[in-house]
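For reference, the structure is listed below as structure tokens.
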Amino acid sequence: MNGASLLDFARGPGFEVAVAMLAFGVVWRLVGILALRRPVDHSEPRTGWGWVGGLRLVFSRSWPRREFRERVLHWDIISYLFHIGYAVAILGYVPHILVIRNLTGLRWPGLPGGVIAFFAGISAAALLALLGHRMSSPVLRRLSNFDDYFSWLAVFAPLVTGLMAYYNMGDSYQLVLGLHVLFGDLLLAWLPFGKIMHVILFAFSRATTGTVYGRRGAAL
Amino acid sequence: MADETIAEVLEKRGFTRRAFLQLCATVTAALALSPADAAEMTRRLQSAPRPTVIYLSYQECTGCLESLTRSFSPGLASLIFNDISLAFNDTLQAAAGEAAESAKDTAMKKAWGKYLLIVDGSVPLPQNGAYCTVAGRSAISDLKHAAGGAAAVVAVGTCAAFGGLPYASPNPTGAVPVSDIVRDRPVINVSGCPPIAEVITGVIMYYTTFGLPALDRLRRPTNFYGNSIHDRCYRRPFYDRGLFAKTFDDEGARQGWCLFELGCKGPVTHNACPTMKWNGGTSFPIESGHPCLGCSEPGFWDKGGFYRPLSVPTGHWSRAGVIGGAAAAGAVTGLAVAAVARSRQDRAQKNRQSGTDKKNPKP
């Protein structure tokens, strides 16, 4: 398969299957989780506003607590660099916006290519640092499984091939672009089935935890 | 006559030494060669034997030949066709019918093994090539015979190079490019719909002087097809700045912003349009306000639409249908999984209450 046919496949049937898997997987997991029976809490509620704790936790967990700050703050910052850089690259680059417009009809102004490349570069560097940390930390290494490494790859591959396409690296632009789109398809298809699903589930899990502990009067 | 050198032919035509040197410098510049190569070209053209060129046309629209004969540097084109020797071209020559076929056979026999064969158009394979016949002979057998005596084959135009329009889905005549048929001779693809006239003549001149040019993986000469349209496009700074025309008559279009959103295929198209340009160097399609169609790339008719941006999905699938259907299937699966999980939850609860839960026995 040459670059042109790879690009055709990635933009055509590959993308269609990826979007179908994304829609299927996201709804399956959300419905599957939300339709589960919640355990009945027989304890006396300390407050009638438990849901406020849930809402609060969605945001308060976005920053490390004072007790842990010294140990993990720099990794949190690197993680933020990755997430923000990735979001800017996806949502700010005009060719990506055109894909979203094609699917949803929504559109917004894009950013210059140089700005996108800067953020994408930062994001890629942060991802590499985070992988190094995961592999060098004995605790994280033990906690990590196939899902963690494959999800890292699914996130990193479209980023690095996108940068390669932007800077015209590699023998064939079409091949690099085809790989970029194909890895983008892989990311969409894998998203609901691995840990990357946290982009949607983080709010649900934090809100649930916050509501339960808020009801019990825990400090959040 | 075929033993004459090019310099001798030009001298007979009244070319002065100065005019000959100017011609070599012009051709060298057109071929994007270094200035030092002009001297080399002069030396080689002086001693190079006059080549025989045979031009065959199959499934094509004659647009390539139109482009060539309307070249903005007629000196170069006429040099090739009048002076260097175009032994056969059924569209341009006065002879027709048996006289034309006989002229072709004679020219081929005379220069057998040495002539340059130019092919314009794709070749159909099914029904023993019955969809395209010339003088009662199928294009495929005609091409095989002609290629057998050629030193090299130049496939001019996207139809000859990659199949072009006849090859487009559903390819009713089973057309194939020249390189699918000619496998034992060097094939140079000069793609484009049509190719730029100066590129065609430049390739012939290069072959005459230096032999086979360096080719890319699609067998196109790298001195003309080495860069993408996007790489050399004067609108590229607007792409980099994220400034795009969104319709053909909006403010962006008037300001000359990038045409990517209007479907420009420049980033994946390799050709010399931005540097050689058309119509005497007047402009090229993007300069005239139209996105690049990608006509020098294989299968450009079937790339999902000329006006569809390069990044967006191709195919005519129903977005709402696919996404909605997949989401509905996901919801059903999610509910089924939740129902199973709920029954397990109930069973575990019952076991805990009755004290039969082996995993979590009552203390």
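The values are calculated or read from the model by the stated rules, or taken from the named source; none is laboratory data. Worth saying up front: this structure is predicted, and the values here are computed from it rather than measured. Cβ atoms come from the backbone with ideal geometry, glycine included; neighbour counts cover every protein chain shown. Ligands, DNA and RNA are excluded from the accessible area calculation, which covers all protein heavy atoms including side chains. Shrake-Rupley method; radii C 1.70, N 1.55, O 1.52, S 1.80 Å.
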- Message: Once you place label points 7 Å from the Cα toward the Cβ at A:LYS195 and A:VAL52, how far apart are they in nm?
- Response: 3.5
- Whole-Hz Karplus ³J(HN,Hα) for the stretch B:27-35, in order, using 6.51 cos²θ - 1.76 cosθ + 1.60 and θ = phi - 60°, x for Gly and Pro? 5, 4, 5, 4, 8, 6, 8, 6, x
- Task: Compute the separation of the alpha-carbon centres of the stretch A:172-220 and the stretch B:108-128 and state it in Å as a whole number.
- Result: 59
- Query: How big is the gap, in Å, between the Cα center of the stretch B:196-244 and the Cα center of the stretch B:275-308?
  - Reply: 13
- Computed accessible area, A:TRP63, all protein chains, 1.4 angstrom probe, square angstrom: 120
- Task: Would you kindly find the accessible area of B:TYR206, with a 1.4 Å probe and non-protein molecules such as ligands, DNA and RNA excluded, rounding to the nearest 10 Å²?
- Result: 40
- Rounded to the nearest 500, the 222 nm mean residue ellipticity computed for chain A from DSSP H runs (n ≥ 4, each -39500 (n - 2.57)) alone is -25500 deg cm²/dmol
- Message: Largest first, please: the extent of the C-alpha atoms of the stretch B:109-252 along each principal axis, to the nearest Å.
- Response: 59, 40, 22
- What is the spin-label model distance, in nm, from B:GLN46 to B:SER354 if the labels are put 7 Å beyond Cα along the C-beta direction? 10.9
- Is the shape of chain A best called rounded, prolate or oblate, per the rule: a/c under 1.5 gives rounded, else a/b larger than b/c gives prolate, else oblate, with a ≥ b ≥ c the square roots of the Cα gyration tensor eigenvalues? prolate
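Let me check something: with ligands and nucleic acids excluded, how do A:MET164, A:MET197 order by accessible area (1.4 Å probe), largest to smallest?
A:MET164, A:MET197
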- Note on the structure: Semi-axes a, b, c in Å (a largest) for chain B, each sqrt of 5 times a Cα gyration tensor eigenvalue, come to 57, 27, 19
- Message: Per residue of the stretch B:284-290, what does 6.51 cos²θ - 1.76 cosθ + 1.60 with θ = phi - 60° give for ³J(HN,Hα)? Whole Hz please, x for Gly and Pro, Karplus curve as stated.
- Response: 9, x, 5, 5, 8, x, 10
- Task: Note the direction-averaged projected area, equal to a quarter of the hull surface, for the Cα convex hull of the stretch B:183-305, in nm².
- Result: 8.5
- Theoretical FRET efficiency, 1/(1+(r/R0)^6), r = Cβ-Cβ of A:ARG134 and A:ALA203, R0 30 Å, to 0.05: 0.80
- Message: Limiting things to C-alpha atoms, what are the Rg and the maximum Cα-Cα separation (Dmax) for the stretch B:156-196, in angstroms?
- Response: 10.4, 29
- What average count of beta carbons from other chains do you get within 10 Å of the Cβ of residues in B:314-327? 5
- Query: Mean projection of the alpha-carbon convex hull of the stretch A:105-220 over all orientations, in nm²?
  - Reply: 11.1
- Item | Choice from B:ALA161, B:ALA348, B:ALA100 showing the highest fluctuation, given a GNM over chain B with Cα pairs closer than 10 Å | B:ALA348
- Task: Please sort through the DSSP H helices of chain A and keep those with an alpha-carbon extent of at least 27 Å along the long axis and a Kyte-Doolittle average not below 0.0.
- Result: A:13-34, A:66-92, A:113-136, A:146-166
- Message: Between A:GLU67 and B:ALA320, what's the calculated FRET efficiency when r is the beta-carbon distance and R0 is 45 Å? Round to 0.05.
- Response: 0.35
- Query: Ordering B:LYS12, B:LYS303 by how much accessible area each has at a 1.4 Å probe, largest first, what is the list?
  - Reply: B:LYS12, B:LYS303
- Given pairs B:LYS114/B:LYS265; B:LYS144/B:LYS277; B:LYS12/B:LYS114; B:LYS114/B:LYS277 and cut-off 28 Å on Cα-Cα distance, the over-length ones are B:LYS114/B:LYS265; B:LYS144/B:LYS277; B:LYS114/B:LYS277
- Taking a probe of 1.4 Å and counting only protein heavy atoms, give the total accessible area buried between chains A and B in Å², rounded to the nearest 100. 3500
- Task: Sorted from largest down, give the three principal axis spans of the alpha carbons of the protein assembly as shown, whole angstrom values.
- Result: 112, 52, 49
- If a cysteine in the protein assembly as shown has no other Cys Cβ under 4.7 Å from its own Cβ, put it on the list, ordered by number. B:CYS24, B:CYS61, B:CYS64, B:CYS132, B:CYS159, B:CYS233, B:CYS258, B:CYS264, B:CYS273, B:CYS292
- Message: If DNA, RNA and ligands are ignored and the probe is 1.4 Å, what is the ranking of A:PHE24, A:PHE82 by accessible area, most exposed first?
- Response: A:PHE24, A:PHE82
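Report, in deg cm²/dmol and to the nearest 500, the calculated mean residue ellipticity at 222 nm for chain B, where each DSSP H run with n ≥ 4 adds -39500 (n - 2.57) and the sum is divided by the residue count. Write down the numbers at each step before the final one.
Details: 17 runs with 156 residues, N = 363.
The helix-only estimate for chain B comes to -12000 deg cm²/dmol at 222 nm.
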- Placed amide H near B:VAL134: partners under 5 Å, 5+ positions off or other chain: B:ALA139
- Message: Could you tell me the center-to-center distance, by alpha carbons, between the stretch B:17-75 and the stretch A:48-89 in angstrom?
- Response: 67
